[in-house]
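A quick write-up on the structure given underneath.
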Amino acid sequence: MAKLHPPGAPVAVLTTQPLDRPLDYRAPEGGVQDGAFVEVPLGPRRVLGVVWGDAAGDWPVEKLRPVGRVLDVPPMADAFRAFIERAASYTLTPLPAMLRLGLRSPGLGAEAPGTRRVYARGQGAPDRATAARDKVLAVLRDRPDDLFAASELADLAGVSAGVVKGLVASGAVAERDLPRDADFPALDPDRPGHPLAADQETAADALRDALRGGGYGTTLLRGVTGSGKTEVYLEAVAEALRMGRQALVLLPEIALSAEFLTRVEARFGAKPAEWHSGVTQAERRRTWAKTASGQARLIVGARSALFLPFRDLGLIVVDEEHDTSYKQEDGVLYSARDMAVLRASCEGAQVVLASATPSLESWANAELGKYRRLDLTSRFGEAVLPRLTAVDMRGEEVPGGRWISPTLRTAMQARLARGEQSLIFLNRRGYAPVTLCRACGQQVACHQCDARMVEHRFLKRLMCHQCGETAPMPETCPSCGVAGKLAAVGPGVERMAEEVTALFPEARVAILSSDLFGSARALKAKVEEIASGGADIIVGTQIVAKGHNFPRLTLVGVIDADLGLQGSDLRAAERTFQLMRQVSGRAGRADVPGEALLQTFQPEHPVIRAILAGDEEGFLREEAAQRRAAGVPPYGRMAGIVISDPDAATAFELGNTLARRAEALEEIGAEVYGPAPAPIARIRGRHRVRLLVKAPRQAPIQPALARWVAGVDVPRSCRLSIDIDPQSF
Ligand code: ADP
Ligand code: ZN
């Protein structure tokens, strides 16, 4: 039960301002509860905060400024506050920065209750067309189902509010009043689902039992693509709903949510609430408030949904738990999978980690008995796993500037003749990875990063994949100035599409690459179009590996299976194994068996052999043995420290100082490696230097890191970030 502070008592308020601790205020008339959302004065401004326990007491009460308005939302639950505190100390993030992730609701508490004005597409036509008006109408055409808050529509279109008003007057934009707190439609857990297969039933039973048992627990739900994991975890969701608790399902990719929403609706009779970057601010406000009140019972979202104010969270599902996009790589560095487990342990909730190719971390935790493990061993119904074969490129005749082998080409031809779909997979965005000058031999590089510029022919631009900077395709070489000598070297996904079109001019070719779609919604639409047969050949990057269901796809051709195996990253083998299994799993989901052809120059490589053999358990055991011998995660702990500075020497100097003064780490048996140039040595003009810290599994690494870093002076120009459990090491 949250504590009630009497009127006038000193209280601590944690604000979202970048301060390192809560500030003291005086409780308002009528007192205030721990966890209450409040507005407090800070300097000349009023800022949002949360009452966070008793005041430090450095000042007499009469000197304290009073708390301002107490917001009309339920106080932040104790379990949620505990989560924020533990997540902050786990990731070595200041508490206010962590709190801010939980208060991302736009305009939280800014408006009084009542109705809100929203805009949608109207029936009428504009009385006169202008460029600005067209922008507004384009937004509404793109998102026909959405309702927009007043200022949002103008912002999205990049026009002034007056433009929207003009369109409202002419009837082209409809204005509606909605009750601010419209409820989400109720979900009915007792509607009959699909009858489950025997192994599904066993797994669903185990999850229901775990939920009814109460308290925290994590289950690794494993099963090949198409084995029916989603059906199983929806049964766990049903059980949480029956118990009157809330459930959260995290997906790695917003584009996946369309199919999922449809399945939820089929199972429970209504759609769940959504939380991700594609949701309008008006909807997000509503979801935030309804999650806090407990009315929204099922939320589907991206990783940031972990920071919603659940009232009684009973279940978190992390679908495709191995997916690297669960790691947030800027701002607060956290792994949504690990934070899901942390949040669940604070809430007394169950976690389901679902994957066809579990991460080594989760697999090892199941081996150690920390996680329960449930396996679905076959595909649901008649579907069988695709046959995987290596195409040894050393024996294939491929003309220069082409990448599809005769073997793969023949297989594609057969699919085309039968009216089945093929997928050509290459994990490289753009047209070509390298643009080279044939006169001087220089590659075109980003001027502010240690990276090449990648040609994107559709955009007619060069793009840096590190900083996102783009430039028009130059006519002359930026190095030597000679004209007409720039040449594309190597394949990107756009170039593969060109090759496919040349080989099969009669085929309908679709490209799936994240940069070709302006919005998640556009990508979603494309995926749906392809799934319903709108393409014969799909050419795609790794976004196609993420659980999309293409029922007519029977052939997967991997252009370069060796791509991920280069470099020294210890996780490379695991990543490649997962990606190859995921992408080949796209083939043959329905009644037709699938086939995957992996083009490789090293078919005898142990990882390629393991992929072909499909021996996941053996692969994981072997990887685990190597990681254990090296003392790296999940058998040891690691942290990456990245120091960046406009000046390389300054960054190195700080790195060297840290490496020299590592007593705090030595005390816990940790070792420091580096400093060395970071995997990308320069981004946006800042030189980057990395140190890696490796510690025994049980070592208290966070406090040691905090003491270590606090022991040196960081020059003002330097930025230092600590990444617990880095993705690459
Ligand atoms: P996964 O999540 O493991 O990839 P899904 O749950 O998506 O597998 O199931 C694969 C396909 O099989 C889906 O089209 C799903 O609707 C269907 N399916 C799975 N289980 C059942 C069942 N018990 N009854 C009918 N269809 C099922
Ligand atoms: Zn760049």
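Read-outs: derived from the displayed coordinates by stated rules, not from any lab. No experiment lies behind these values; they were computed from the predicted model shown. Positions of Cβ are backbone-derived with ideal geometry, glycine not excepted, and every protein chain shown enters the neighbour counts.
Okay, here's what the table says:
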quantity	calculated
Too-long pairs where the Cα-Cα distance tops 29 Å, listed order kept, from 485/546; 229/694; 327/526	485/546; 229/694
Whether the range 224-339 is rounded, prolate or oblate, judged on the alpha carbon gyration tensor where a/c under 1.5 counts as rounded	rounded
Per the chain, cysteines lacking a partner by the 4.7 Å Cβ criterion	346, 467, 718
FRET efficiency estimate (nearest 0.05) - Cβ-Cβ, residue 377 to residue 161, R0 51 angstrom	0.30
Segment residue 680-residue 716, length gained on full extension (0.36 nm per residue, minus Cα span)	10.8 nm
Angle in degrees between helix 493-503 and the longest Cα principal axis of the chain, rounded to the nearest 10	30
Rg/Rh ratio calculated on Cα atoms of the range 191-265 (Kirkwood radius)	0.94
Using θ = phi - 60° and Karplus 6.51 cos²θ - 1.76 cosθ + 1.60, couplings along the range 703-718 (whole Hz; Gly, Pro as x)	x, 5, 4, 4, 5, 4, 5, 5, x, 10, 8, 9, x, 4, 6, 8
Distance cut-off 17 Å, percentage of C-alpha pairs in the range 4-103 lying past it	46
Proximal charge balance of residue 539 [Cβ under 15 Å; K/R count +1, D/E count -1]	+3
Mean projection area, nm², convex hull over Cα of the chain	35.5
Extension gain (nm, one decimal) between residue 9 and residue 707, 0.36 nm per residue minus Cα-Cα	247.8 nm
Spatially proximal aspartates and glutamates relative to residue 3 (Cα-Cα < 13 Å; intrachain offsets below 8 disregarded)	34, 54, 78
Sequence-distant lysines (8 or more away, or on other chains) whose Cα lies within less than 17 Å of residue 135	165
Under-5 Å amide H pairs with residue 275, H placed in peptide plane, nonlocal only	300, 301, 302
Those GluC sites (Glu not before Pro) in the range 489-549 that DSSP places in a loop and that have at most 14 other beta carbons within 10 Å	506
Cut-off under 5 Å, modelled amide H: who pairs with residue 351 long-range	217, 218, 219, 316
Acute angle (nearest 10 degrees) that the helix 520-531 long axis makes with the longest principal axis of the chain, alpha-carbon atoms	40
Karplus 3J(HN,Hα) series, Hz, for the range 53-66 with 6.51 cos²θ - 1.76 cosθ + 1.60 (x for Gly, Pro)	x, 8, 5, 5, x, 6, 10, x, 3, 5, 7, 7, 7, x
³J(HN,Hα), Karplus 6.51/-1.76/1.60, whole Hz, each residue of the range 611-628, x for Gly, Pro	4, 5, 6, x, 8, 5, 4, x, 4, 5, 4, 5, 4, 4, 4, 5, 5, 4
Gain in span if fully extended, residue 367 to residue 673, counting 0.36 nm per residue against the direct Cα distance	107.2 nm
Residue 413 versus residue 20: modelled label distance in nm, points set 7 Å from Cα along the beta carbon direction	7.0
Anisotropy class of the range 432-473 from Cα gyration tensor, a/c 1.5 cut	oblate
FRET efficiency for residue 591 and residue 460, using Cβ-Cβ distance with R0 set to 35 Å, rounded to 0.05	0.25
Interchain or long-range residues, amide H under 5 Å from residue 68's placed H	39, 40
Label-to-label distance, nm, for residues given as residue 489 and residue 212 (7 Å Cα→Cβ offset)	6.5
Ordering of 302-311, 592-601, 66-75 by packing [mean C-beta count within 10 Å, highest first]	302-311, 592-601, 66-75
Cubic angstrom per residue, convex hull over Cα atoms of the range 115-179	72
Simple label model, 7 Å out from Cα along Cβ direction - residue 479 to residue 169, nm	5.9
